[in-house]
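Only one structure is covered here, and it is reproduced in the block below.
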Amino acid sequence: MEKEIKRFVKCDVCKNMIEIDKYGNSNACPNCGWLQSEESYQHPNVPGIRNIPSLLNAIRQYDNGGSATLANFNDFIEAYNNYGEVEFTLNNTRYGVLYDDKNKKIELLNIQTNEKQLYINIEDFVQNAKLNGILLKEQWHNVTNTDFLQET
């Protein structure tokens, strides 16, 4: 049995020392929460690889005193396009964005109540998704968590 050698590198976002596996992946950085990956490093403008924000946006946000793991609206939408199921928290309520196979539409799901809003496609969602009568993109600054969709 091959013994795995521990490697330590600087986190791509905050430069804190973190342990990575032989593939270049890490657990969440204890300082900034970033999940290190070789693929994110090779594609720094692509959201949704191991983290919702792109690496470059995570660095920018962290350097400006923000969260390295909270996606801006554009990264969130691109992560949906790349991955297919994402979630966010707004006003302490979790929402999922996913493809509804039955209706062949984009679904905005309130995870707590199971209420659904359906949109023709992702562009329709971007332009028209509303929560509490306000466009989602206009209240995105109040989002407190973005992630890949966890169990609902």
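Computed from the coordinates by the stated procedures, all read-outs in this text should not be read as laboratory data. Remember, predicted model here, so these are calculated numbers, not experimental data. Ideal geometry is used to build each Cβ from the backbone, glycine not excepted, and the neighbour counts take in all protein chains shown.
Just a few scattered comments:
- Within segment 126-152, tally of residues that are under 19 Å from ASN91 (Cβ atoms) and not in a strand (DSSP E or B): 13
- With respect to the stated conditions, TYR95 fails to be part of a loop (DSSP other than H, G, I, E, B), at negative phi and aromatic (Phe, Trp, Tyr).
- Selection from segment 105-152 of residues that are acidic (Asp, Glu) and under 11 Å from GLU87 (Cβ atoms): ASP147, GLU151
- Taking every residue in segment 10-31 that is within 21 Å of ASN45 (Cβ to Cβ) and pairing it with any residue that is in a strand (DSSP E or B), at least 6 positions away or on another chain, the pairs with Cβ-Cβ distances below 6 Å are CYS11/ILE18; SER26/ILE18; SER26/ILE20; CYS29/ILE18.
- Filter result (among the small types (Gly, Ala, Ser) and under 19 Å from ALA79 (Cα atoms)) within segment 119-145: ALA129
- Candidates are the residues of segment 58-84 that are without any contact (Cβ under 8 Å) to a residue 24 or more places away in the chain and more than 21 Å from ALA129 (Cβ to Cβ); the one that is surrounded by the most Cβ atoms within 10 Å (Cβ to Cβ) is GLN61.
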